[in-house]
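The values are calculated or read from the model by the stated rules, or taken from the named source; none is laboratory data. Computed from a predicted model, the values in this text were never measured in an experiment. Glycine gets a Cβ as well: all are built from the backbone with ideal geometry, and neighbour counts include every protein chain shown. Heavy atoms of the whole protein, side chains included, go into the accessibility calculation; ligands, DNA and RNA do not. Shrake-Rupley method; radii C 1.70, N 1.55, O 1.52, S 1.80 Å.
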Amino acid sequence: PVLAEGQLTQLGVSLLSGAVAGVIATIVSQPADAVLTRMKDAESVDAATVISEMWAKGGPTGFFAGLGSRCVWAGAIIAGQFLLYEVCKGVFQITADDLSLFLDVIGSIELGSGMAGLRN
């Protein structure tokens, strides 16, 4: 709440939050992305074969090759998206109450359509 008082502080928090979210998402998805990239390069090789080869060549660290550059890229991209969201909120003067109202309306629409399906 205290950090939300200053516009510059809000933007900084959003930027940092986006960077952290991007890095965490990259770390979590890196092993699967590494396997998919190798499968794409080899074309006719299945996932089990690629995983076995990667494990034999590099052990667990083989699944995290290139992690640093992906973290920088994803952290910057997601931070930019978070920053853009905050800037747009400021430009259009959207408050937390506006967002709550919007979500309430969407929720009631979803409940209404769900109830219609139950009636049929």
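Could you please find all residues in the range 75-100 being free of Cβ contacts under 8 Å to residues at least 24 places away in the same chain, open to solvent by less than 80 Å² (accessible area, probe 1.4 Å) and either part of a loop (DSSP other than H, G, I, E, B) or not small (G, A, S) (or both)?
Result: C88, K89, I94, T95, D98, L99.
For V45, state whether it is β-branched (V, I, T), part of a helix (DSSP H, G or I) and surrounded by 13 or more Cβ atoms within 10 Å (Cβ to Cβ).
no
Any idea which of L84, L103, L67 is of a type outside the set (S, T, N, Q) and touching a Ser or Thr at 6+ places or on another chain (Cβ under 8 Å)?
L67
Taking only pairs six or more apart or across chains, which ones have beta-carbon atoms under 8 Å, a first residue in the range 21-50 that is free of Cβ contacts under 8 Å to residues at least 12 places away in the same chain, and a second residue that is part of a loop (DSSP other than H, G, I, E, B)?
M39/V45; M39/D46
Restricting attention to the range 57-69, does a residue exist that is basic (K, R) and surrounded by fewer than 14 Cβ atoms within 10 Å (Cβ to Cβ)?
yes
What are the residues in the range 1-37 that are surrounded by 16 or more Cβ atoms within 10 Å (Cβ to Cβ), at pLDDT 95 or above and of a type in the set (S, T, Y), if any?
Selection gives T26 alone.
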